[in-house]
Amino acid sequence: MFSKETYVRRREALKRKAGKGVLLFLGNDEAGANYADNCYPFRQDSTFLYFFGLPFAGLAAVIDVDNDREIIFGDELTVDDIVWMGAQPALREKCDLAGISQVRLSAELGACLGAAVRGGQTVCYLPPYRAEHGLKLRTLLGVEPGCAQPSADFVRAVVDLRNHKTDEEVTEIERACRVTAAMHMAAIRTVRPGRYEYEVAAEIEAVAQRHNCRLSFPTIATVNGQTLHNHCHDNRIEAGRLFLVDAGAETQGGYAGDMSTTVPASGLFTPQQREIYDIQVACHEASVAALRPGIRFEEVYDISARVIVEGLTALGLMCGDAEEAVREGAHALFYPHGLGHMMGLDVHDMENLGEIFVGYGGRPRSTQFGRRSLRLARTLEPGFVHTIEPGIYFIPELIDLWKSEKRFASFINYDRVEAYRGFGGIRNEEDYLITATGARLLGTKIARRADDIAAMMAE
């Protein structure tokens, strides 16, 4: 946790932005993996963490903006709980850590909200993303699961505050990024022909644990980089294959890092791999060079896509005008996702609150394949923390579909593309803070150029 003054300031800022109403915060409960007493690792709701900082299960909170009241609801642990869990702070002691003086039992939350409704107040809540939240909203407010109508003003206020990272948040994110970089360096040292993907994943995750961190998302460590979110680790690594790692650490405070690395299993890129890899690196570097306050991130995405099209055109895989190809969406055969996403207390920051608010500032998103996967498209502002992660992929099923439909035949040389069917995919990813004048890399720099990767693998 940060100091209690941090959470007091955050709640005061939220009250000013919200203006009125009763703001409801549902913390998370323990969740059984396969039976009640065998739980998944507990993770507190990120918005609850942001405003109250308490990483304990079974809590809820209310901020009554109209009457300037802040209340946490929870229950004291029983002797049975302490026998199994050890001594824990009392509920009031926990609330003192967050600067909250009013504490009530969980059973009183419904009556508190009911009195607010009867008094003509509006109870505002955020989009539920767990079944338990939906059930609680039904019990507390009579909102049927699937029919929740979160307050857009409440969502916008939370998004605006959480999107702009303070210095103490950046320090915590940077710690996560340093550990994340160490995880990727361990992977680079571990990838070798004959080993299994799960051996690489084990080394990655061990680094996180040695730094008292958890994973910010399930590790991707795969020879099948063309599958964007591949969590299978069963394959044996073969010579001549590319190996893609996407992994991140999360600090005890909940802040995330997120990086990707692609290396040749044999230590050296084949000529074909080197050609594509160099295009990805050029794309990545052009994207980073464009980062600054005031530029729309979708413009940076367009820059990244044009670099890819120009590179693939030089190899004979694409043809025609690069700008037109990107505008029409032909590049998405090879680059079917966005350029990056916000990052903070969530690795995809506030994704549960809606990317239209978080990544688009309320603007509608494109429906075009590839472009519609942009998680971030809005104008960049100082304090934003986000990833840069362009990629190039050869996905056989997508190639076959587009080829059969003759889609973008004026831009794509499908006969030439056939020679890359078994190529896989390449993605390198870094994390950046937008500053007043540009952007700053967070965490330890990992050299990304092909010769540097070969040198690291030879160590």
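The values are calculated or read from the model by the stated rules, or taken from the named source; none is laboratory data. From a predicted model like this one, the values you see are computed outputs, not experimental measurements. Positions of Cβ are backbone-derived with ideal geometry, glycine not excepted, and every protein chain shown enters the neighbour counts. The protein model used for the area step is the full one, side chains on, heavy atoms only, and it has no ligands, DNA or RNA in it. Shrake-Rupley method; radii C 1.70, N 1.55, O 1.52, S 1.80 Å.
Observations
- Among residues of the stretch 69-101, those that are basic (Lys, Arg) and either part of a loop (DSSP other than H, G, I, E, B) or crowded, with 20+ Cβ neighbours inside 10 Å (or both), counted: 1
- Residue match in the stretch 271-291 (condition: open to solvent by 40 Å² or more (accessible area, probe 1.4 Å) and in a loop (DSSP other than H, G, I, E, B)): no
- Qualifying residue in the stretch 313-330 (condition: within 29 Å of Ala249 (Cα to Cα) and in contact with a helix residue (DSSP H, G or I) (Cβ under 6 Å, 6 or more places away or on another chain)): no
- Filtered by the rule that a residue be more than 24 Å from Gly344 (Cβ to Cβ), open to solvent by less than 20 Å² (accessible area, probe 1.4 Å) and either within 22 Å of the chain's Cα centre (by Cα) or among the hydrophobic types (A, V, I, L, M, F, W, C) (or both), the stretch 195-220 gives Val200, Ala201.
- If the condition is being open to solvent by 30 Å² or more (accessible area, probe 1.4 Å) and among the hydroxyl-bearing types (Ser, Thr, Tyr), then the stretch 122-138 contributes Thr122, Tyr129.
- Strands (runs of 3 or more DSSP E) within the stretch 350-459 that include 1 or more residues under 18 Å from Phe243 (Cβ atoms), open to solvent by less than 60 Å² (accessible area, probe 1.4 Å) and among the basic types (Lys, Arg): 424-427
- Among residues of the stretch 147-168, those that are part of a loop (DSSP other than H, G, I, E, B) and of a type in the set (D, E, K, R), counted: 1
- Selection status of Ala33, within 21 Å of Gly254 (Cβ to Cβ) and buried (at least 21 other Cβ atoms within 10 Å of the Cβ): no
- Residue check for Met342: in contact with an Asp or Glu (Cβ under 6 Å, 6 or more places away or on another chain) and either buried (at least 19 other Cβ atoms within 10 Å of the Cβ) or modelled with pLDDT of 95 or more (or both): yes
- The residues on offer are Asp246, Asp160, and the sole one that is buried (at least 22 other Cβ atoms within 10 Å of the Cβ), touching a Lys or Arg at 6+ places or on another chain (Cβ under 8 Å) and either at pLDDT below 95 or not hydroxyl-bearing (Ser, Thr, Tyr) (or both) is Asp246.
- Elements of the type strands (runs of 3 or more DSSP E) sitting completely within the stretch 1-68 and holding at least 2 residues that are touching a Cys at 6+ places or on another chain (Cβ under 7 Å): these cover 22-26, 32-35.
- The single condition from (1) open to solvent by less than 50 Å² (accessible area, probe 1.4 Å); (2) touching a Gly at 6+ places or on another chain (Cβ under 8 Å) that Pro55 fails is (1).
- Where a residue in the stretch 336-363 is in contact (Cβ under 8 Å) with a residue 40 or more places away in the chain and farther than 15 Å from Val155 by Cβ and its partner, wherever it lies, is in a loop (DSSP other than H, G, I, E, B) and polar (S, T, N, Q), with Cβ under 8 Å and at least six apart: Val347/Ser216
- Scanning the stretch 224-243 for residues that are open to solvent by 10 Å² or more (accessible area, probe 1.4 Å) and either under 30 Å from Val170 (Cβ atoms) or touching a residue at least 60 places away in the same chain (Cβ under 8 Å) (or both) yields Asn224, Gln226, Thr227, Leu228, His229, His231, Arg241.
- Contacts under 6 angstrom Cβ, first residue in the stretch 413-440 being within 18 Å of Val309 (Cα to Cα), partner among the basic types (Lys, Arg) and not in a helix (DSSP H, G or I), 6 or more apart: Asn428/Arg448
- Figure legend. Inter-residue proximity from the stretch 75-94: first residues within 24 Å of Ala61 (Cβ to Cβ) and without any contact (Cβ under 8 Å) to a residue 40 or more places away in the chain, second residues outside any helix (DSSP H, G or I) and of a type in the set (S, T, N, Q), beta-carbon distance below 6 Å, spacing 6+ or different chains. Indicated pairs: Leu77/Gln88.
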